[in-house]
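Heads up, the thing below is written out as structure tokens.
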Amino acid sequence: MKTASLTGRAAVVSLALLFCFLVAWHLATRETGTSQRMDPEYAKLMGVTATQGKSAMPGPIDVGAKLWEHLRRPFYDNGPNDKGVGIQLAFSIARVLTGYLLAILVAVPAGFLIGMSPLMSKSLDPFIQVLKPISPLAWMPLALYTIKDSSLSAIFVIFICSLWPTLINTAFGVASVRREWLNVAKTLEVGTFRRAFTIILPAAAPTILTGMRISIGIAWLVIVAAEMLVGGTGIGYFVWNEWNNLSITNVITAILVIGIVGMLLDLMLARLARLVTFPE
Amino acid sequence: MSDRFISIEGIGRSYPKSGGGYTSIFENLWLSMERGEFICVIGHSGCGKTTVLNILAGLDTPSGGAVIVDGQAIEGPSLDRAVIFQSHALLPWRTVLGNVAYAVSSKWRDWKAARVNAHAQRFIDLVGLGGAEHKRPAELSGGMKQRVGIARALSIEPKIMLMDEPFSALDALTRGTLQDEVRRICQETGQTVFMITHDVDEAIYLADKVVLMTNGPGAVLAEIVENPLPKERARSDFHRHPLYYATRNHILDFLVSRSRDFIEGARGAYNPREVPILRPGLPEPAIAAVQDASAKPNRSQHAAAH
């Protein structure tokens, strides 16, 4: 008998685990039948939770149905508090990408400067060390006060949280380019700019991309919290709004969607990283 | 020397010691090279050979003294002096052609891509890598990588090639073939070469002159051994030349014992500006004894015949 490939066997185990999880979830939240005799009027008031022993937690079938409903109509717009999940996601992704790309535009050149100049590295280090550990959400009040626009403040928060991993990785990658490659450039009398683009950039690209990948992960983590604060639109706002509506089904659906989008963003960066990686 | 193409004039290199003062790796080094000469430097690890080469390349600066190449003191690296690194130092994200073309386009910046590639291709073919020009360094064997390094150094048509133990990371067979290639190319192009090696046979096979360096710290150039072997020598029989063992033993003796106490042995007679030039001329006594031994039975045979 031929053994299946590792990928194939891993897929079988993954599916089995998913199945076990769904069954356990279903069993834990199913209806247990009428638990108490009560006055029909009272039962009507209490709802299924009390009358049939149904858990307040939705089961996998409820969530599946809700997800299907969202996927069928992702872009409906029934006013400020009732928009399709697709519209909410689009708002979130647009904010994340704007803040993230601005951060990359600042972090990569700044990282180059820090990596190439020991003076700048030493003099900027204290600032980076202090600013890096600040939770991006701590900037929110300051951003709201200075920018005076909730949507732009969210973008600023994304910008500030995406900045550090890329900046630090770029500086590290640039500073640790192999001496021998720099010596090749020196003996060929290659100028500073040409050296930066033809030796340092390709040599540091894998490290820079790793930083960018960490940045997009953090940005996607932070956008949910930021949108809960600024409100109005976005997947974070959607989660908070559905919590206020006590629609746990929608909250779980949104959690699932957030996870999948985060995974896709990471996959995109991983694909990009593979393009610039060179075998040694 | 009539044509002082390269003149190393009193260079030294020292590093600050922990606890004050300086450690001198080597000091007051004088050496001149003629155009088209192949010089090998032999010495133990730590005597500063690589530092001398880096100073010649312009990658390091001497603490004192100067190096003059073709009438000009060197100030930093130059396209006139190509370096072949011990670790080949190819750019792994470029192909073979890309690596050589990078050097070519650095030298002739206004050349069009087609001309750069054609020029690079010529040198890739010269080192016998035709057909592998679109491979990346990771796909090449150690010997092939070093060939690319040689092609890259040659492609910029330098006045001098500096080689820092270029073959030490290769297996014996590959090393042999590459030595042949380098010898052929250098003879065809009349290239001036300054090479560092640990390998005595390599030095005798390739060099016109072998420079012996004493142990550091405070290393000096002890002797310049002129290679007595004819310019036309072949790998297959250069070790059968009557003067081969004399040369080899002289260098080995130096490395084994004299490199340690050379300065004490010289008793102040050593003048760094006049490094003694030596030409091993006499066959080794051991060989002579063997010849005598083989000659004797002949004589007795003759005697018996008479």
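The values are calculated or read from the model by the stated rules, or taken from the named source; none is laboratory data. A quick note: this is a predicted structure, and the numbers were derived from the prediction, not measured. Because the Cβ atoms are built from the backbone with ideal geometry, glycine has one as well, and the counts that use them run over all protein chains shown.
For residue B:24, which of the numbered conditions (1) within 15 Å of residue B:159 (Cβ to Cβ); (2) over 20 Å from the mean Cα position of the chain (by Cα); (3) of a type in the set (Gly, Ala, Ser) fails to hold?
Condition not satisfied by residue B:24: (1).
Go through A:184, A:222, A:251, A:174 for me and flag whichever is touching a helix residue (DSSP H, G or I) at 6+ places or on another chain (Cβ under 9 Å), farther than 27 Å from residue A:126 by Cβ and buried (at least 22 other Cβ atoms within 10 Å of the Cβ). Walk me through it before giving the result.
Details: A:222 fails: farther than 27 Å from residue A:126 by Cβ; A:251 fails: buried (at least 22 other Cβ atoms within 10 Å of the Cβ); A:174 fails: farther than 27 Å from residue A:126 by Cβ.
That would be A:184, the only listed residue that is touching a helix residue (DSSP H, G or I) at 6+ places or on another chain (Cβ under 9 Å), farther than 27 Å from residue A:126 by Cβ and buried (at least 22 other Cβ atoms within 10 Å of the Cβ).
Restricting attention to segment A:186-200, report how many residues are in contact (Cβ under 8 Å) with a residue 12 or more places away in the chain and more than 8 Å from chain B (Cβ to nearest Cβ).
First, the residues of segment A:186-200 that are in contact (Cβ under 8 Å) with a residue 12 or more places away in the chain: A:195-196, A:198-200.
Checking which are more than 8 Å from chain B (Cβ to nearest Cβ) leaves us with A:195-196, A:200.
The qualifying residues number 3.
Those residues that are aliphatic (A, V, I, L, M), within 12 Å of residue B:164 (Cβ to Cβ) and at the interface with chain A (Cβ under 7 Å from one of its Cβ atoms), I need them from segment B:83-94; list them, please.
Step one: of segment B:83-94, the residues aliphatic (A, V, I, L, M) are B:83-84, B:89-91.
Checking the rest, the ones that are also within 12 Å of residue B:164 (Cβ to Cβ) come to B:83-84, B:89.
B:83, B:89, listed by residue number.
Tally time: how many residues in segment B:30-42 are crowded, with 20+ Cβ neighbours inside 10 Å and either out of contact with any Ser or Thr (no Cβ under 7 Å at 6 or more places or on another chain) or within 14 Å of chain A (Cβ to nearest Cβ) (or both)?
4
Please note which helices (runs of 4 or more DSSP H) are completely contained in segment A:196-280 and include at least 3 residues that are aromatic (Phe, Trp, Tyr) and at pLDDT 90 or above.
Working: elements: A:201-230, A:235-244, A:248-276.
Filter on segment A:196-280 gives A:235-244.
Can you tell me which of (1) at pLDDT 95 or above; (2) surrounded by 20 or more Cβ atoms within 10 Å (Cβ to Cβ); (3) farther than 24 Å from residue A:253 by Cα is the one residue A:96 doesn't meet?
That leaves (3) as the condition not met.
Among the residues of segment B:116-165, write down those that are on the phi > 0 side of the Ramachandran plot and in contact (Cβ under 8 Å) with a residue 24 or more places away in the chain.
Of the residues in segment B:116-165, the ones on the phi > 0 side of the Ramachandran plot are B:128, B:131, B:157, B:165.
Residues satisfying the conditions are B:128, B:157, B:165.
Residue B:97: within 19 Å of the chain's Cα centre (by Cα) and either under 22 Å from residue B:151 (Cβ atoms) or away from chain A (no Cβ under 14 Å) (or both), yes or no?
In short, no.
From the list A:204, A:196, A:226, exactly one residue is touching a Gly at 6+ places or on another chain (Cβ under 7 Å) and more than 30 Å from residue A:152 (Cα to Cα). Which is it?
Selected residue: A:204, the only one of A:204, A:196, A:226 that is touching a Gly at 6+ places or on another chain (Cβ under 7 Å) and more than 30 Å from residue A:152 (Cα to Cα).
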